[in-house]
Amino acid sequence: MDIICDKRESGTLLQVSGRLDALSAATFEKDFLQVMEGGETKVVVDLADLKYISSAGLRSILASAKKARKAGCTMHFCGLKGMVQEVFQVSGLGTMFTVSATVEEAFGA
Amino acid sequence: MSETDAHLNITADFDNLAEVTAFVCQRARELTVPELLWSKLELVVEEIFLNIVNHSRLPPEAVVDISCSLQKVEDVPDDMFCVSLRDHGQPFNPLKTEAPALEQDVDSRPIGGLGIYLVTQMTDHCSYARQDDSNIFSACFRMKQAG
């Protein structure tokens, strides 16, 4: 898994690519926490290039989201497709979070 | 045993996850499992193998037997690609775990409990049996997917 962090005027964009699984979940949580600790109030997580996610990946997202809420930071998702979209839908995360089609829409949401 | 059977015996160690998924995906390719199923297959194998690693209380040298085969399952007309994981741990039927509450908000929702639920949703058929002091979990996928 690779994460590209792009600090913008209206928030921070995290572009996550590859696999978010038991091997990489801790890295996602650590990187997300780092952005939050910088005082960010809006994070958009772009999953357009994420090919695979397991329950370990979902756990890292849920854990991050709980910390974000406590810190007053909102978490948005975009670019879901294929099995990642299906896993989001099946697990209920697709309705729990604000999910947009594109990065631009997510920053406008 | 079917002629399509292939086995991997491997210790129940987190570090073996990549080898386990590589073995199952290789068999899926050899048996021409549709490509759209591969990531679901990987997900199911990761969830079940790590469930064994984390909860079976096996000694470090204990081996998990993973097998892949094409099978006929009752009431299903087409062949199914089935992955079975067998371990000698404590009796544990994952299918008896409580389904997660999917409607809760971020604050009230527990972080865990999704793995087995995802397995049941991503497979076309799954089953658990306790045989000869072993847990045997099988996950099957239809070779011909609707649509």
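The values are calculated or read from the model by the stated rules, or taken from the named source; none is laboratory data. If you're wondering where the values come from, they're calculated on a predicted model, not measured in any experiment. Here the Cβ positions follow ideal geometry from the backbone for every residue, glycine too, while neighbour counts run over all protein chains shown. All accessible areas refer to the heavy atoms of the entire protein, side chains included, with ligands and DNA or RNA removed. Shrake-Rupley method; radii C 1.70, N 1.55, O 1.52, S 1.80 Å.
So which residues in the stretch A:8-54 are without any contact (Cβ under 8 Å) to a residue 12 or more places away in the chain and either open to solvent by less than 40 Å² (accessible area, probe 1.4 Å) or among the charged types (D, E, K, R) (or both)? The answer is A:E9, A:K30, A:E37. Of the listed requirements (1) modelled with pLDDT of 90 or more; (2) open to solvent by 30 Å² or more (accessible area, probe 1.4 Å); (3) in a loop (DSSP other than H, G, I, E, B), B:S2 misses just one: (1). The strands (runs of 3 or more DSSP E) falling completely within the stretch A:1-87 that include 3 or more residues that are over 22 Å from B:L37 (Cβ atoms) and of a type in the set (A, V, I, L, M) map to A:11-20, A:42-46. Quick one: in the stretch A:71-87, which of the residues that are over 22 Å from A:E9 (Cα atoms) and not acidic (D, E) is most open to solvent (accessible area, probe 1.4 Å)? Per the stated criteria, the residue is A:K81.
Restricting the stretch B:125-142 to residues that are open to solvent by 70 Å² or more (accessible area, probe 1.4 Å) and either closer than 20 Å to B:V53 by Cβ or assigned to a loop (DSSP other than H, G, I, E, B) (or both), the residue that is nearest to the other protein chains (Cβ to nearest Cβ) is B:R130. Residues that are at pLDDT 90 or above, surrounded by fewer than 20 Cβ atoms within 10 Å (Cβ to Cβ), away from chain A (no Cβ under 14 Å) and not in a strand (DSSP E or B) do not occur anywhere in the stretch B:63-72.
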